[in-house]
């Protein structure tokens, strides 16, 4: 049986190789959306609240077609969350300058 970190690594590789969510693609998500998406998958399905007429959590940052919950497979959802968090960590690490400071694009939040 694979460990959690092995499952997350496999999912991240799948996202890159099959979905095309490369580091270059992830770098465009400078608005915290990778972490927001991860949080949506990390919330247990029994605690998710869906606004009227919506088919995804209110915090879901992207189009509904990208929301792919697996409420009957908690591990799979946590693996997706972990892979998205890994992508966000990698994205932020790529932004670090020589002095260890992170330069995030705040223009979308202004």
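Each reported figure results from applying straightforward, stated rules to the coordinates on display, with no laboratory input. Quick caveat, the model's predicted, so the values are computed rather than measured. No Cβ is skipped: glycine too gets one built from the backbone with ideal geometry, and neighbour counts run over all protein chains shown.
Among the numbered criteria (1) under 14 Å from residue 86 (Cβ atoms); (2) surrounded by fewer than 14 Cβ atoms within 10 Å (Cβ to Cβ), which single criterion is violated by residue 11? It is condition (2) that residue 11 fails.
Is it the case that residue 26 is on the phi < 0 side of the Ramachandran plot and under 12 Å from the mean Cα position of the chain (by Cα)? The answer is yes for residue 26.
Among the residues making up region 14-43, those that are under 19 Å from residue 70 (Cα atoms) and not in a loop (DSSP other than H, G, I, E, B) are 14, 15, 34, 35, 36, 37, 38, 39, 40, 41, 42.
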